[in-house]
Each structure stands twice: as structure tokens, then as C-alpha cells.
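K.L.:
My questions will all concern the structure given below.
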Amino acid sequence: MAEFLADNNPCGQNILRLVSRGNAIIAELLRLKDYIPPVFRLETKQDQQKYGVIIYDFSYFKTSDDFDNKIENDPQLQDLDEEFRENYTEILTRFYLAFESIHKYVTDLNRYLEDLEEGLFIQQTLESVLLAEEGKQLLCEALYLYGVMLLVIDLHIEGIIRERMLVSYYRYSAQQSNAESNIDDVCKLLRSTGFTASASKRVPNYPEDYFKRIPINSMYIDLVIGRLRSDDIYNQISAYPFPEHRSTALATQAAMLFLSLFFSPNILHTQTATLREIVDKYFPDNWAISLLEWWEPYKAAKTALSNTLDTANVREHSSKHAAKLQKLIPQTQQLSKEGALVEDNVLDHVNKVINIARECNVTLRWIMLHTCVPPAGWDTNKRCKQIRDQVVADSKYNPLQVFELLLNTAQFELKIKEILTRVDRLTRVLCLQLLSEKQSKWNMFKKEGVERMLELSEVFSGTKPLTRVVKNENLQTWFSEIAKQIDSLKQEETTAAGRKIVQLIQALEEVQEFHQLETNLQVCQFLSDTRKYLHQMIRTANVKEDVLITLHIVGDLSYAWETVDSYTTYMQEGIKKDPSLVIKLRATFLKLASAMEIPLLRINQAKSPDLVSVSQYYSGELVAYVRKVLHIIPETMFGLMARIVHLQTSVIKELPTRLDKERLKEFAQLDHRLEVAKLTHSVSVFTKGILMMKSTLVGIIRIDPKQLLEDGIRKELVKHIAIALHSGLIFNPKAKTSELIPKLEALEKIMDGHRRSFEYIQDYVNICGLKILQEEVSRIISYNVEQECNSFLRDKVQEWQSVHQSKTIPIPKFSPVDNTSVNFIGRLAREIIRITDPNKSVGTAGLAGLDRFFSFMIVTELQNFLNTLQKGVLKDKAWLDMVTDVSKCLSPNTTLISNPARFYVQYTSRAQKVWPQILEWTHKVGQLQVLRKNIAYELNTSCKFDSKHLAGTLQTMNDALLTEIQRHYKDPMKPYPKEENPLLYELSTYCDWAGISDPYSKIYITTNNLQFFSLLTFLFTISQVNKLIYIKNIGLVCKKPQDPIDGVPFIVGIQTILKQFHPEVRNQYLLYMGQFIKSHIAFSLNSSSSKPTELPSEVVNTLHFIESFVHYAALPREAITKHIPDLILDQYRSLSAV
């Protein structure tokens, strides 16, 4: 009833939109199943220890106050809870909206049923809607989709995980205080059922109790079940006219009925007669393992199914389909041969071809569904296992034969569709070109027939000369009449025109025989041509849209959306043996695309905006499966390439510049070079195999074979390099000698091998090998740096948010091998820090990644240092009293201290317990800064050698931009890049990678003004300076080997810490240092015990420190000459006692 779905019929439009929304919800649930945050699984001990105290299941609601108080009373838990909220609120919101949409769906369905009962839709009742063809389909689908939603969410998002996510969302959102919120009802609907996919035992009363959580109108359920029991609601039987195919024709309806019965479990338990009727109609010759398992607890259902599962019946159907399989394989092979399916043959035997396609698909469906391996836990049911084993034995199941029939069927179906459509591109809904040309072809053939008859009429009139033809007025009149009869044929009146054409053909045959026209070859040719065109008119008239519709219905492969994965191994083995098999697989993938049409049909009818997103999801899933199957090609290629590289690097000798002819045979190595040639040819053959697959539209995604090959090569490359980096950079911290250099050298060999193999093979497979290598290595490094840096970030970058991660070419994620590092970047960085000896073998991307990681580590160390000062030292009354006293004694800073040695020591000694911790932080920051400086130098040198033009351009651009910014700050009227302008960000990234940056001048954190910070830093400095000694050509080093201090990291650390504050803090620090030096010099000159020409060691050390400090801070000399006289700075080296 087309009127039911008319735009002006709110009753039809409402239920259509509801069903459309149901299909979209299922797609969203399937999409979200891949984005469940691992932390909610609490699978690892680390997650349990860290997050177990803030992630709760529904037990939270019983004692919510206790849980909340526990967190509120612990500052660390508060901080962790807040961090968790910031990181997961977004994904939790998306999951909750999906959960809530299920509740809203069933609520809207109940409201629609109530509106029907109350007569809100004029002249429409529940019964009248079920009488409309579209109405009964949509009402049945509405109940079925609700059941599917509940089962999908229970299968893919376990109950305990749902509860944890819902509780977290409840705690972190404002929904709990919103009166209009449905969160309580959503929690009741989706609380854990106890079902898990891997469970060996079935949950009692599952799923009927689950389906009853929100009651649905019982009369509606009964009417839906009644319609599904009695009607062919989708009119599928017309496509399956043979009685033995009835269960296949009603398979979709059977699935809906199977699920709908759980909404009325009383039928399954007690109504044996009803169940017997259902089994006899829908399951007389088929019993998927799931049916057997799911109906096991129900007495009536189990009894009704007993006849179908009788051993003799199972054996009969298994043997029958096995025999059909053996018969159909040679038939389809014959049809798939070149020249077998040409247009004339197909048009002449279209019904026969359709029958073969129908038989093939029925056989495939039965065998694939009854021999598939069910999900985990099924084998605990002995009856299920026994039935499947019997089917496998009786059908002599050979998966290779089933796969062969699947390939052949898909191939010849595709050829038929191409013939019947005559279009170049293949889409999910085929464009019926032949049917659109039907009228024009009919007119062309009719015109040709009329012209032939008129010409013959003219010949026998004597007006048109034709050799040896005598004038015959009777034949002239007869042929004229035949021409009129042909001209009167109408294409629209197919049946009448067909009968008339047959009569005309017979008449033309008779006139040739009775009037002895065989003797004239030209007349015979005219008659033969006319009969040929009349035959073509019949063929054209026979091509109906019903043919393609039938072919589309019987060729549906949606039932194998999951099952087909069990044949992936056979597909890949076939490709390895014969890469051209990809051509046949293309037809199979297109056949599998039929599964997408079922969920999209209603969404399209409702003109829903969800059409694009749902299409993208299902198309993406199918394309992912295509990639999975064809990935065997790049996988095999990499194996061959590894052998080629081994031969080239380790076996085949490199030819010297000059070679004696006597040694020519020694360097020829013909056998090895032949092997390289054969391996290279094999790689080329595999490449050719995948490129033979035409560009194909799968759903709404077009698959380009060249791109498919490149993506496959990238994926395999990423896997190999990620494994090499993960396994190659694992260090033993207890090793006496560092493992860094040997491991980096081994890694360098692996990376060089990949570079050589890509360099060699890129021309044979037509890819930019080195570009791919560089891009993927850079992506792997960037991704791992990002994940490692998450440990330093409050707002973490989740894996699904990463710009470096890809679903098509995923970067493998490995479990941490120690308690401090997430991946190889962290392990490498910490090992370098441990031994401080970076090396070039990790490449530019690796160095840039390490540089970024070190910067995050510096930020963390600085934050820890300042937090300790703010919350501990500078809040301690004793400390504050001490630094206040010192500050007063040193004021004004221009005065000299009378006895500096005694004065300073009395204060620095009082802080002996604090200095080691501050020294550790300072040293760590300084060490990381020195590493960053060395990395920047290495990057800059490498950039200048490898790409001097890029280095020069970046340097010039950087200088020019800095100049413009400085002008802007001097004159705000000058231009400055706006916030949305990406110039500064992008240029900064380029400069970091090219080493055009100065880590020593970086500001890592924002700070507030800390009282007495410059004084505290000064006291810390002079307490440590005496532990250093100046050595010419080396600088400041520790006096004693056991002292945990090193000159350069110490100085760089102090200057980096001061750099984070206002420049005035650093100036005050230098003022204190100047006062310290001048006081000591004055005291030394006035002292009778020291030589007047020598400076005290603490003064010399401090002066060396100050000069180094100014050097690393890039300060002008005037910064210290303001506080220390030039004479001292110029002469202190010669006046020192060292």
C-alpha cells in the first residue's frame, strides 16, 4: 500500500522514522563497540590499583555517599577523579547517548501504539496498519529491531562495563540533578544481565527477562507474531517458486519471528502446536546451531524442533546438499568460462540461468550456516556439537569446495548483471540500462522488419529491380500487409505483441516454403533478416525488471556477514597460489555488499540524515574485510623482499671498481642473482594480481586497487618497524655496561634493511618506497611520543583521538615492559638519560620525538620542584623566618658582609636536608636541557646536509618572523599573526624538526611570583659551588667522584629554573652573587692570613659559575659587570690559586 508511506500520512511516516532510527542506533552501537576505553575493563593490575577506587558498578548506588566521601577526603583521589573526568567525559557522553537512544526508541514505540489505540491517527488502528503491506512490515521490524539492539549491546558491551560507564557518566554529568533526565530508567534497562560472550553456561531466563524490563503492549506482540507466522510479509516466495526453497525464501522473516518469540516466552514454554506450525513452515530443513542452543530451555520449542533434528532428517538434507554442491561446481565453472555468458545466450535462457543462480545460493546458504563454527561456549551443549559433527560428516564438508562454489556463483552472477545492465560502473543498486533501452531497441528492430517487408513488396510490384524476380501482385499485397502488421506492434502490450510476433515468424517461414522463394537467395536473405529482428523483439520484450529483482533477492549474501570470515584463510591461500584470483574475489566482495541494503532501506525511505553515517559504517566494515583478505599480498611481498635484501647484503658480493677477468666468475654468482630475479618477478606478479582488480564501489566507498596495495604495504611496514622498535629497545637497568649502543646498532641494521628493500623494489611495484618509509616511521615515532607524553599530561590524548593513529593502517600498541615507560620512546629516553649518550640511528623522526618527550619531562620536573617549594618549604614558618633574616642582613645588596664565610655557611648549613632534593631536580632539568641542546644540534646539522635549502629557508623565515613580532611589541600598530592563523604553530613544528631552536631560552611553565625565590636559589647555589672545581679545557667538574653533581647540568638547570620567572628574579639572583663575590674578595684583602695576589677558591669557583651561567643564558656581559667589577672578571683566572 503505497499510500501508507505517503508524506501526508503521519501514521506511516511516524513508524517509518522510528524503524529508520532503530537501524541507525544498531549501527552506532556496532561502531562504538570498538571504542570502549580499556580502563573500564579493569583487566590489568595496574588499572585495578590506579582506577579501581574511582570506577564503580551499580553497587555505587547503594552506598553512594560513602564512595563520594572517600574520594573527597583524599586529595590524591580527588585529583585522580578530576583527571579521569576530564579525559573520559566526552566518550562517556557518546556512549550514554547511544544507551539513552535505546530507551527513547522503546518509549516512542509504546507511545505510537498508545496513539493508535486512542485513535490519534484518523481511520487507523493497530489492526488496519497490519493489513497494509508496508504497515505490517514496519510494525514487525520495530519489535525485531528493539530485540536486536538489546542483544547487540549485551554481546559487544558486557554488563559490568555498561554499569561502570553509566555510573561514571552519572557522577560526572549534570544529569543526576536534572528532573527531565532519563538516566535512572536507562540504568534500569541496561543493568547487567549476567550474560558474557565467553560464558559456558547460559543465564537463566535469558533473554526474556531482559526483554521485559520495559513492558510492551502484549496485544501488539501477539499480532506481530501472528503476522510473522502466517504471512509472507516481504513477498519473497515469488522469487523462490520451488517448494523445497520455501524455508530459504522466508529466512529473513524466520529470523524476525525467532527473536520476537522471546517477547512472548509463554509460547516457547507451553504452546507446542503453535511451535510445531512455526517449525514446519520455517525450519523443516534448516536448524542453525544458534536455534538449537537458544531453544534448549523451552519445553514446547524443544519438542517442536525434535522432528527436524531427527538423525535421518539431518542425514537426508546433508546428503542432498552435498550432492547439489558436487553438481553445481562444474555447472558454474562452465558458465564462468569466457564466451559462455554472452548476451544472446543469457536472453534466450534467462530462466535457466536464474534457476542455477537460485540453486547455488540456496546450497551455499544451507552448507555455510550449518557447518559454521558457533561462538565460544557452544560446545558445552553436547546436542549442538553432535548435530554439527553429523552435518559435517554426512555432507562430506570440504570448505575449499564451498569456497569454490561461492567464487563461481559470485562471478557468473556478476556477469549476468553486467549483461543485463550494460553499464561500466557497478553499484549497490544496479542501473537497469538494458531496460531503459528496451523501447529504443524494440523500435529499431520493428523499423528494420518493416523496411524489409516494404522492400520485398516493392520487388514483387516490379518497380524495384531484383535479379530473376517475376512480378507477383499477390505477394506484393501480402508483404505490404505484413509490414503494416509489424508496424502495429506495441512494446507496452508484451503478451499480445509476443503472440503476434510468433505468428508473423511462422507466416514468413510458410511464404518462403509455399511460394518457392528458396531459389532466390536475395529474397531468402530479406526474409531471414526479418525473422531475426522479430526474434530480437521477443528477446527484448522478455527482459523485465523482475529478472534483476529476482537475481538480486536470490543472490543475497547478508547471512554470511560474519560466517564468511571463516573462509578468509582459503581466500588468502588461493591468492598466494594464483594472484589473479583477486578478480573472482572482487565479485564475492560485491555480492557480500548486499548485506548493507537491509539496514539502509528504511533509512533511505525516511530520508533520514543518518543515511550517510550508517552507509559509511557498513561500507567501512566491508572495505576493512576486503583489506584483511588482500593483505596477504603485501605480507607475502615483505617475506620475498626480506630474502632479496639478505641476498644483496650478505650473499652477493659488491663489484669492485676494477676486476681481473680471472675473478669474474667469482663475482658473477649467477645462481644467487637468478634467485634475486625470480623473487623480484614473484613480487611483480603479486602486484599485478591486486592491480587486476578494477576500481570498485563498495557501498559508498570506492576501492582503488593501487591505493589498496599501497595501504597494505604501509600496514605491513608499520607492523614490522613497530615490532623492531618495541623488541629492539628493551633495556636492562641493572646491566653493568650500557646496552644502548649495541641495540641501536642492531636497530640501525633493521632500518637499513627496510630502506634497501624499498629502494630496490619500488620501481617494480610502482610506489614511492622511500617516501612511504619516511612517512610511516615519522608517524610511528609521533604516535608513541604522544602516548608516552600522556603520563605527563592531565588532559590525555586517547588512542581514538590521536591524529597519528589510523584504522586503515593501525600502529600496533604493545603492553608496557616496565613500570615507568609506556613504550619504546620512554625506555629509550630513560636509558639515554641514564648514560647520556644519544646516537643517530633512531633517525630524524626519532630524535625529534625524543626532543618532544624530553620537553615534557622537563615540564614535569619543574612543576614538581615548584609545587614542593610552594606547598612545603615556603610555607614552613622556620624556613620563612630564616630567609627573612637573611634578606634583612643582605639589604641593601650593595653593602659588603664583614665575615662572609661564617655568615653564609650558618644559613646554608641549616638547609642541608632540603638541598639534595633540590639538587636532584636541578640536575635532572639541566641534564635534559643538555640532551635537548645536543639533539637540536644533531637535527640542524642533519638538515643542513640533507636539505640545505630547507634549512636556509626556515632560518630566514624564523628570523624574519621574530623581527616582525619584536616590531609589533615596540609598536602595537604593526601586524601580528592572529590566533586562528596557523603560521606560528606550523613554523615552530618545522623549526623543531630542523633543530632551529634553543632549548635554553624556552619557557616551559607559567609561574607566579614566589617570595624569596631568588634568595633561596642563591643560597642553594653557593652551597653547591664549593663541591665543584674548575679544570682548564673541561670546565667545572665535581671535586669528589662520590658527589652527585656535574658542572654543566647544574649551571644549565639553575638558569632554566630562573628562566621560568620574570627577568627581575634573575637580576636579583645575580645581585646576590655579586655581593657574595665582592664580600669574599674584600674580606680576603683585609685578612692577614692570605696572599694579596690570590683569590679564595670559593670566589674563583663562583666566578667560573657566573661566566658559564651568562654564557648558557645568552646574557650580555653587562648583566654581570653591573654587579662585579670588570677588573675582577678580567683578572680572576690569573689571580686564582688553582
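The values are calculated or read from the model by the stated rules, or taken from the named source; none is laboratory data. The shown structure was predicted, so the numbers you read here are calculated from the model rather than taken from an experiment. Here Cβ is always computed from backbone atoms with ideal geometry, including for glycine, and neighbour counts include all displayed protein chains. Calculation scope for accessible area: heavy atoms of the full protein, side chains included, ligands and nucleic acids excluded. Shrake-Rupley method; radii C 1.70, N 1.55, O 1.52, S 1.80 Å.
K.L.:
Does I1003 fit the bill of being over 36 Å from the mean Cα position of the chain (by Cα), more than 30 Å from V905 (Cβ to Cβ), open to solvent by 70 Å² or more (accessible area, probe 1.4 Å) and in the same structural domain as E861 (by the TED database)?
P.N.:
yes
K.L.:
May I ask you to list the residues in the stretch 4-45 that are loosely packed, with under 13 Cβ neighbours inside 10 Å and without any contact (Cβ under 8 Å) to a residue 40 or more places away in the chain?
P.N.:
A6, D7, N8, D34, P38, E43, K45 - these are the residues of the stretch 4-45 that are loosely packed, with under 13 Cβ neighbours inside 10 Å and without any contact (Cβ under 8 Å) to a residue 40 or more places away in the chain.
K.L.:
Could you list all residues from the stretch 196-250 that are part of a helix (DSSP H, G or I), loosely packed, with under 13 Cβ neighbours inside 10 Å and hydrophobic (A, V, I, L, M, F, W, C)?
P.N.:
The answer is M219, and nothing else.
K.L.:
Here's another thing I want to ask about it. Does D185 satisfy the condition of being part of a helix (DSSP H, G or I), more than 30 Å from E134 (Cα to Cα) and of a type in the set (D, E)?
P.N.:
yes
K.L.:
Here's something else I'd like to know. Would you please list the contacts, defined by Cβ atoms under 8 Å and residues six or more apart or on different chains, that run from a residue in the stretch 887-910 that is assigned to a loop (DSSP other than H, G, I, E, B) to a residue that is among the basic types (K, R) and surrounded by 11 or more Cβ atoms within 10 Å (Cβ to Cβ)?
P.N.:
L896/K1078
K.L.:
Take R756 and tell me if it is in contact (Cβ under 8 Å) with a residue 40 or more places away in the chain and in a helix (DSSP H, G or I).
P.N.:
Against the criterion (in contact (Cβ under 8 Å) with a residue 40 or more places away in the chain and in a helix (DSSP H, G or I)), R756 qualifies.
K.L.:
Could you check the stretch 895-917 and list, in sequence order, the residues that are closer than 14 Å to A878 by Cα and of a type in the set (K, R)?
P.N.:
R910, K913
K.L.:
Counting only residues that are under 27 Å from F814 (Cβ atoms) and either aliphatic (A, V, I, L, M) or at pLDDT 90 or above (or both), give me the helices (runs of 4 or more DSSP H) lying completely in the stretch 663-741 with at least 1 of them.
P.N.:
Of the helices (runs of 4 or more DSSP H) lying wholly inside the stretch 663-741, those with at least 1 residues that are under 27 Å from F814 (Cβ atoms) and either aliphatic (A, V, I, L, M) or at pLDDT 90 or above (or both) span 705-728.
K.L.:
Working carefully through the options V186, V152, find the one that is β-branched (V, I, T) and out of contact with any His (no Cβ under 9 Å at 6 or more places or on another chain).
P.N.:
V152
K.L.:
Among (1) open to solvent by less than 40 Å² (accessible area, probe 1.4 Å); (2) outside any loop (DSSP other than H, G, I, E, B), where does S806 come up short?
P.N.:
Against the list (1) open to solvent by less than 40 Å² (accessible area, probe 1.4 Å); (2) outside any loop (DSSP other than H, G, I, E, B), S806 comes up short only on (2).
K.L.:
Being in the same structural domain as L828 (by the TED database), under 28 Å from the mean Cα position of the chain (by Cα), surrounded by fewer than 20 Cβ atoms within 10 Å (Cβ to Cβ) and not hydrophobic (A, V, I, L, M, F, W, C), is that true of even one residue in the stretch 743-754?
P.N.:
no
K.L.:
Please determine whether any residue of the stretch 7-19 is under 24 Å from the mean Cα position of the chain (by Cα), of a type outside the set (A, V, I, L, M, F, W, C) and under 19 Å from S613 (Cα atoms).
P.N.:
No, that holds for no residue.
K.L.:
Quick one: is K324 surrounded by 16 or more Cβ atoms within 10 Å (Cβ to Cβ), more than 22 Å from V402 (Cα to Cα) and basic (K, R)?
P.N.:
Judged against the criteria, K324 is not a match.
K.L.:
Taking the condition in contact with a Phe, Trp or Tyr (Cβ under 7 Å, 6 or more places away or on another chain) and under 29 Å from G12 (Cα atoms), does I161 pass?
P.N.:
So I161 fails the test.
K.L.:
Restricting to helices (runs of 4 or more DSSP H) lying wholly in the stretch 34-144: which have 3 or more residues that are of a type in the set (V, I, T)?
P.N.:
75-117
K.L.:
Residues being over 15 Å from N790 (Cβ atoms) and either among the charged types (D, E, K, R) or open to solvent by less than 40 Å² (accessible area, probe 1.4 Å) (or both): count how many of those fall in the stretch 813-823.
P.N.:
Of the residues in that region, 1 qualify.
K.L.:
Find the residue count for the stretch 1006-1032, including only residues that are crowded, with 16+ Cβ neighbours inside 10 Å, without any contact (Cβ under 8 Å) to a residue 60 or more places away in the chain and under 19 Å from V1048 (Cβ atoms).
P.N.:
Residues in the stretch 1006-1032 being crowded, with 16+ Cβ neighbours inside 10 Å, without any contact (Cβ under 8 Å) to a residue 60 or more places away in the chain and under 19 Å from V1048 (Cβ atoms): 2 in total.
K.L.:
Exactly one of (1) assigned to a helix (DSSP H, G or I); (2) more than 24 Å from K736 (Cα to Cα); (3) at pLDDT 85 or above is unmet by L828. Its number?
P.N.:
Going through the list (1) assigned to a helix (DSSP H, G or I); (2) more than 24 Å from K736 (Cα to Cα); (3) at pLDDT 85 or above, L828 breaks only (2).
K.L.:
Identify all residues within the stretch 916-952 that are more than 19 Å from L987 (Cα to Cα), polar (S, T, N, Q) and surrounded by fewer than 20 Cβ atoms within 10 Å (Cβ to Cβ); write none if there are none.
P.N.:
Correct list: Q917, N934.
K.L.:
Using beta carbons and a limit of 9 Å, which pairs, at least six apart or on different chains, have the first residue in the stretch 652-677 and within 23 Å of M637 (Cβ to Cβ) and the second one of a type in the set (D, E, K, R)?
P.N.:
Qualifying pairs under 9 Å: I652/R673; E675/R643; V676/R643.
K.L.:
Can you pull out the residues in the stretch 975-1008 that are over 18 Å from M857 (Cα atoms) and not in a loop (DSSP other than H, G, I, E, B)?
P.N.:
If the condition is that a residue be over 18 Å from M857 (Cα atoms) and not in a loop (DSSP other than H, G, I, E, B), then L983, L984, Y985, E986, L987, S988, T989, Y990, C991, W993, A994 are the ones that fit.
Here is a yes/no grid of residues against (1) within 22 Å of F263 (Cα to Cα); (2) within 28 Å of the chain's Cα centre (by Cα):
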| residue | (1), (2) |
| --- | --- |
| E117 | yes, no |
| A132 | no, no |
| G135 | yes, no |
| L151 | yes, yes |
| D154 | yes, yes |
| L189 | yes, no |
| A197 | yes, yes |
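K.L.:
Could you say which residue among G995, G926 is of a type in the set (G, A, S) and closer than 23 Å to Q774 by Cβ?
P.N.:
The unique qualifying residue is G995.
K.L.:
Which condition from (1) in contact (Cβ under 8 Å) with a residue 60 or more places away in the chain; (2) open to solvent by less than 30 Å² (accessible area, probe 1.4 Å) is the one that G159 breaks?
P.N.:
Here G159 meets the rest and fails (1).
K.L.:
Among the candidates L611, L585, L581, single out the residue that is within 24 Å of T687 (Cβ to Cβ) and open to solvent by 10 Å² or more (accessible area, probe 1.4 Å).
P.N.:
L581
K.L.:
Would you confirm whether or not the stretch 263-277 contains a residue that is touching a residue at least 40 places away in the same chain (Cβ under 8 Å) and within 39 Å of the chain's Cα centre (by Cα)?
P.N.:
Yes, there is a match, as at least one residue in the stretch 263-277 is touching a residue at least 40 places away in the same chain (Cβ under 8 Å) and within 39 Å of the chain's Cα centre (by Cα).
K.L.:
Scan the stretch 306-342 residue by residue and report those that are among the aliphatic types (A, V, I, L, M), outside any helix (DSSP H, G or I) and either more than 18 Å from K382 (Cα to Cα) or at pLDDT 90 or above (or both).
P.N.:
Residues satisfying the conditions are A340, L341, V342.
K.L.:
Another question, then. May I ask you to list the residues in the stretch 618-635 that are in contact with a helix residue (DSSP H, G or I) (Cβ under 6 Å, 6 or more places away or on another chain), open to solvent by 20 Å² or more (accessible area, probe 1.4 Å) and assigned to a helix (DSSP H, G or I)?
P.N.:
If the condition is that a residue be in contact with a helix residue (DSSP H, G or I) (Cβ under 6 Å, 6 or more places away or on another chain), open to solvent by 20 Å² or more (accessible area, probe 1.4 Å) and assigned to a helix (DSSP H, G or I), then Y618, E635 are the ones that fit.
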